[in-house]
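Student: Can you read through this structure? Questions will come right after.
The values are calculated or read from the model by the stated rules, or taken from the named source; none is laboratory data. Keep in mind that what you see is a predicted model, and the values were worked out from it rather than measured. Backbone-built Cβ (ideal geometry, glycine too); neighbour counts: all protein chains shown. Quick note on the areas: whole protein, heavy atoms, side chains included, nothing else; ligands and nucleic acids left out. Shrake-Rupley method; radii C 1.70, N 1.55, O 1.52, S 1.80 Å.
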Amino acid sequence: MELSRLTIHELQEMIKKGETTSSDIVESVFKRIDAVEDKVRSYITLLRDSALEEAQQADREIKKGNIKTLSGIPIAVKDIMCTRGVRTTCGSRILHNYVPPYDSTVVMKLREAGAIFVGKANMDEFAMGSSTETSYFEITKNPWDLERIPGGSSGGSAAAVAADECIASLGSDTGGSIRQPAALCGVVGLKPTYGRVSRFGLIAFASSLDQIGPFTKDVEDCAILMNLIAGHDPMDSTSVPTSVPDYREYLSRGIAGWTVGIPKEYFIEGIDPEVSGAIEKAIKEIEGLGAKCIEVSLPHTDYCVAAYYIVAPAEASSNLARYDGVRYGLRSESGEGEDLLEMYKRTRSEGFGAEVKRRIMIGTYALSSGYYDAYYKKASQVRTLIKRDFEESFKKCDVILTPTTPTPAFKIGEKTDDPLQMYLSDIFTLSANLAGIPGISVPCGYTKAGLPIGLQLLAGHFEEGKLIQIASAYEKHSKTEKRRPEI
Ligand code: GLN
């Protein structure tokens with residue numbers, strides 16, 4: 001059995017029993033990377049030397065009996081999270097040479113828990129995209145079909161887990177960027193409640209929507225990583241100072257007596273019949289576990305895409321104003337021009353890709369004087385209505401169940417010329433970010449062509465435990481076979 005195929009909890013057990021070492025695990029992961037990375041392209045930066053060194057150190061500690069939660073476990077991190085001394089590009093040319101002097105809080109927490117960092121995973125530029133095709137560096141391929149996209153924007157983090165190029169990874173989700181690639185790559189992905197996980201050291205896209213969360217091979221690993229990354233951080237004023245439960249305790253509680261809400265607005269025309277078929281099957285299995293499924297309504301669903309594509313670009317245009325070629329990142333190579341403004345213009349024209357420029361333009365327009373009330377303010381009001389829809393529904397049910405995506409992974413290049421089609425691939429995931437609630441995607445089967453399908457579960461604020469509870473019950477009892485991609 002290749003160690004790279006195993007989960008965190010399986011490897012933890014083996015390490016505790018002395019059946020394997022961190023060096024063996026890390027070597028197994030890099031052997032796998034050597035075999036498949038040329039085809040999959042999950043990583044922007046690989047950290048082979050430091051990982052092997054850290055593994056030896058971990059083994060020395062393990063020998064002394066110092067075993068921590070992630071002692072010796074290889075983890076990948078989306079290249080949007082700052083890593084001290086390790087280039088952090090955010091998938092952009094403008095940050096191609098940026099080496100942060102500090103670790104993001106999540107990276108620090110995983111490091112303290114003993115994790116070994118394998119590399120920085122590929123992503124859409126500044127996390128803007130649903131396919132990882134807007135990365136300045138490369139296109140990540142879906143391990144289940146190398147002609148297809150892995151989803152995005154955390155496509156590298158999802159593909160690396162699916163392809164066993166790491167044991168688990170971290171991504172970020174502003175409108176679906178954890179759940180959508182998790183669904184398309186057949187792994188588990190959780191977006192926590194806004195404020196549950198510190199965003200200190202996460203390069204900002206849309207600050208009122210961004211959250212960091214885990215990609216894992218199963219729900220138990222998801223609980224393990226959530227235990228480590230959740231919690232208040234004085235360095236992030238939006239992180240909430242409430243206590244964090246032990247998410248592992250939710251793993252075997254079952255869901256007898258639960259009510260699961262199925263929002264009628266999410267079963268729309270245009271959803272792939274194989275996706276809806278898999279979701280209907282999952283609903284039956286969940287009923288078989290003792291839950292009652294009822295119809296609920298989220299009447300403002302139709303406005304989610306429009307509201308998101310005002311709020312997110314508006315905040316992005318403001319956040320990205322800092323990339324000006326002065327303190328860090330790219331400065332135009334075509335000379336500095338006549339004055340400061342010329343240098344800014346050249347730097348930003350050369351440094352940002354087309355999708356990022358499109359977002360900056362939409363956002364700047366939406367925030368410009370005279371339009372602010374019509375766009376940003378209006379979108380914020382719609383956001384409140386979307387949040388209320390969920391509050392009303394959660395009075396009637398414990399969790400809400402939907403497909404994660406309307407279709408399985410699409411072909412590379414299929415939607416690059418049609419931004420609206422690309423935006424619509426997040427139609428089921430955006431609402432959770434707008435409402436600030438947590439959501440998880442768990443695998444729920446495959447299409448005839450062998451592409452994974454994801455089931456999305458949503459819960460009220462700070463109810464990640466419930467998501468883990470139902471996802472774990474479903475994962476354990478579902479008759480859906482579990483496959484591995486053949487690369
Ligand atoms: N695909 C969405 C966008 O392009 C969401 C991206 C994300 O969650 N980072 O904005």
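Student: Among (1) open to solvent by 40 Å² or more (accessible area, probe 1.4 Å); (2) under 19 Å from Ala314 (Cα atoms), where does Arg359 come up short?
Tutor: (1)
Student: Does the range 310-331 hold any residues that are without any contact (Cβ under 8 Å) to a residue 60 or more places away in the chain and outside any helix (DSSP H, G or I), and which are they?
Tutor: Asp324, Gly325, Val326, Arg327, Arg331, listed by residue number.
Student: Somewhere in the range 127-142, is a residue more than 13 Å from the ligand (Cβ to nearest atom), modelled with pLDDT of 95 or more and open to solvent by less than 10 Å² (accessible area, probe 1.4 Å)?
Tutor: Looking only at the range 127-142, we keep the residues that are more than 13 Å from the ligand (Cβ to nearest atom), and these are 136-142.
So of that shortlist, the ones also modelled with pLDDT of 95 or more come out as 136-142.
Add one more test, that the residue is open to solvent by less than 10 Å² (accessible area, probe 1.4 Å), and what stays is 140, 142.
Within the range 127-142, one or more residues are more than 13 Å from the ligand (Cβ to nearest atom), modelled with pLDDT of 95 or more and open to solvent by less than 10 Å² (accessible area, probe 1.4 Å).
Student: Looking at the range 363-389, which of its residues are of a type outside the set (S, T, N, Q) and more than 26 Å from the chain's Cα centre (by Cα)? Lay out the reasoning, then the answer.
Tutor: Going residue by residue through the range 363-389, those that are of a type outside the set (S, T, N, Q) are 363, 365-367, 370-379, 382-383, 385-389.
Scanning the range 363-389 gives Tyr365, Ala366, Leu367, Gly370, Tyr371, Tyr372, Asp373, Ala374, Tyr375, Lys377, Lys378.
Student: I'm trying to understand the selection: among the residues of the range 165-181, which are assigned to a loop (DSSP other than H, G, I, E, B) and either near the ligand (Cβ under 7 Å from one of its atoms) or in contact with a Ser or Thr (Cβ under 6 Å, 6 or more places away or on another chain) (or both)? Show your work before the answer.
Tutor: Within the range 165-181, the first condition is being assigned to a loop (DSSP other than H, G, I, E, B), and the residues that meet it are 165-167, 174-178.
The answer is Glu165, Thr174, Gly175, Gly176, Ser177, Ile178.
Student: Can you name every residue in the range 199-231 that is charged (D, E, K, R) and within 16 Å of the ligand (Cβ to nearest atom)? It would help to see each step written out before you state the result.
Tutor: Pass one, the range 199-231, residues charged (D, E, K, R): 199, 210, 217-218, 220-221.
Listed by number, the residues that qualify are Arg199, Asp210.
Student: Being among the hydrophobic types (A, V, I, L, M, F, W, C), at pLDDT 95 or above, in contact with a helix residue (DSSP H, G or I) (Cβ under 8 Å, 6 or more places away or on another chain) and surrounded by fewer than 24 Cβ atoms within 10 Å (Cβ to Cβ) is true for just one of Leu70, Leu110, Leu52, Leu47. Which residue is that? So that I can check it myself, show each step before the final result.
Tutor: Working: Leu70 fails: surrounded by fewer than 24 Cβ atoms within 10 Å (Cβ to Cβ); Leu110 fails: surrounded by fewer than 24 Cβ atoms within 10 Å (Cβ to Cβ); Leu47 fails: in contact with a helix residue (DSSP H, G or I) (Cβ under 8 Å, 6 or more places away or on another chain).
The match here is Leu52.
Student: Report every pair of residues separated by at least 6 positions or lying on different chains whose Cβ atoms are under 6 Å apart, first residue within the range 269-282 and free of Cβ contacts under 8 Å to residues at least 12 places away in the same chain, second among the polar types (S, T, N, Q) and assigned to a helix (DSSP H, G or I).
Tutor: Pairs that qualify, where the first residue is free of Cβ contacts under 8 Å to residues at least 12 places away in the same chain and the partner is among the polar types (S, T, N, Q) and assigned to a helix (DSSP H, G or I): there are none.
Student: Using the structure shown, decide if Ile203 is buried (at least 22 other Cβ atoms within 10 Å of the Cβ), β-branched (Val, Ile, Thr) and under 29 Å from Arg148 (Cβ atoms).
Tutor: Details: buried (at least 22 other Cβ atoms within 10 Å of the Cβ): yes; β-branched (Val, Ile, Thr): yes; under 29 Å from Arg148 (Cβ atoms): yes.
Judged against the criteria, Ile203 is a match.
Student: Within the range 333-346, is there a residue that is of a type in the set (A, V, I, L, M) and touching a residue at least 60 places away in the same chain (Cβ under 8 Å)? Before the answer, list the steps.
Tutor: Taking the range 333-346 and keeping what is of a type in the set (A, V, I, L, M), we get 340-341, 343.
Subset that is touching a residue at least 60 places away in the same chain (Cβ under 8 Å): none.
Within the range 333-346, none of the residues are of a type in the set (A, V, I, L, M) and touching a residue at least 60 places away in the same chain (Cβ under 8 Å).
Student: Right, next: Can you find a residue that is within 16 Å of the ligand (Cβ to nearest atom), more than 26 Å from Ile283 (Cα to Cα) and surrounded by fewer than 19 Cβ atoms within 10 Å (Cβ to Cβ) anywhere in the range 314-337? Break it down stepwise before answering.
Tutor: Looking only at the range 314-337, we keep the residues that are within 16 Å of the ligand (Cβ to nearest atom), and these are 314-320.
So of that shortlist, the ones also more than 26 Å from Ile283 (Cα to Cα) come out as 314-320.
Applying the additional criterion that residues be surrounded by fewer than 19 Cβ atoms within 10 Å (Cβ to Cβ) yields 318-319.
Yes, some residue in the range 314-337 is within 16 Å of the ligand (Cβ to nearest atom), more than 26 Å from Ile283 (Cα to Cα) and surrounded by fewer than 19 Cβ atoms within 10 Å (Cβ to Cβ).
Student: For the range 289-309, name all the residues that are in a helix (DSSP H, G or I) and open to solvent by less than 30 Å² (accessible area, probe 1.4 Å).
Tutor: We begin by selecting, within the range 289-309, every residue in a helix (DSSP H, G or I); these are 301-309.
Those that are in a helix (DSSP H, G or I) and open to solvent by less than 30 Å² (accessible area, probe 1.4 Å): Thr301, Cys304, Val305, Ala307, Tyr308, Tyr309.
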